[in-house]
Amino acid sequence: MVKKSLCLSILALFIASQAEAAEIWSEPSKTEVWSQPTKTEIWTENWNTKTNTQPVDTKKSQEKQKQNLNVNDFIGKWKLWIPGGMTSYYYVNSGNYAGSKYNPGASNGTLTINKDGTYTFNKTKGKWRAAKPGEVYGAESAIILTNGPDKVDWAVKKAESKDGKIVLLWDSGGKYTDGSKIWIAGSEGTKTK
């Protein structure tokens, strides 16, 4: 009987301690709803710049932009080349790599860019204009051949190499999420003498 009573006492103490621990553990805590939007402010402060409150004359601005563009980098006759590339092949059933094949490049004709704002791209003739800042991704300066072959605009920019080449890109008709055009490289050009 003493053993039974001692066991019950120990059990009661154990249950009491567990209940006390459970109370502490289960106390509700005040939390804020995580899904409420937080107020954010747009930071518009420009460091070390002065705001020009004068109205902008867009015609003068466009002329100045055209003057700032070093058109001598683009003026002249260019021999165009479509670079070659590798095509990888994969097994249909497994998706494992099966091999690759080199596809050689090919001539893409010629492009003549004239100082008077006109161009001839193979048999297509038209007018060119200076590209707007940021219009051709990755190009500090570029020109746009308006209504070129396939009735799309083509951009001409300097190649990343320092050998004086140009890259010719066509307007794919697609847009990035910011609304800017997606230009696809079509060929590169080397100036002829």
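Considering (1) of a type in the set (G, A, S); (2) part of a strand (DSSP E or B); (3) closer than 30 Å to K193 by Cβ; (4) open to solvent by 30 Å² or more (accessible area, probe 1.4 Å), say which one A155 fails and leave the rest.
Condition not satisfied by A155: (4).
Can you say whether G179 is at positive phi and part of a loop (DSSP other than H, G, I, E, B), as far as the supplied structure shows?
yes
Name the one entry in G148, G126, G164 that is small (G, A, S), within 21 Å of N114 (Cβ to Cβ) and modelled with pLDDT of 95 or more. Give the derivation first.
Numbers: G148 fails: modelled with pLDDT of 95 or more; G164 fails: modelled with pLDDT of 95 or more.
So the residue among G148, G126, G164 that is small (G, A, S), within 21 Å of N114 (Cβ to Cβ) and modelled with pLDDT of 95 or more is G126.
For K191, work out the one condition from (1) exposed (fewer than 12 other Cβ atoms within 10 Å of the Cβ); (2) touching a Gly at 6+ places or on another chain (Cβ under 6 Å); (3) among the basic types (K, R) it doesn't fulfil.
(1)
Can you name every residue in region 170-188 that is free of Cβ contacts under 8 Å to residues at least 60 places away in the same chain and among the hydroxyl-bearing types (S, T, Y)?
Result: S172, Y176, T177, S180.
Among the residues of region 158-171, what is the count of those that are open to solvent by 50 Å² or more (accessible area, probe 1.4 Å) and under 19 Å from G126 (Cα atoms)?
1
Restricting to region 99-152, name every residue that is open to solvent by 60 Å² or more (accessible area, probe 1.4 Å) and either part of a helix (DSSP H, G or I) or among the aromatic types (F, W, Y) (or both).
Correct list: Y102, Y137, D150, K151.
Filter region 86-98 down to the residues that are outside any loop (DSSP other than H, G, I, E, B) and open to solvent by less than 100 Å² (accessible area, probe 1.4 Å) and list them by number.
Here is the first cut: in region 86-98, the ones outside any loop (DSSP other than H, G, I, E, B) are 86-90, 97-98.
Within region 86-98, T87, S88, A98 qualify.
The values are calculated or read from the model by the stated rules, or taken from the named source; none is laboratory data. Predicted model, so just to flag it, every value in this text is computed and none were measured. Note that each Cβ is placed from the backbone with ideal geometry, even for glycine, and that neighbours are counted across all protein chains shown. Note: areas computed on protein heavy atoms with side chains; ligands, DNA, RNA excluded. Shrake-Rupley method; radii C 1.70, N 1.55, O 1.52, S 1.80 Å.
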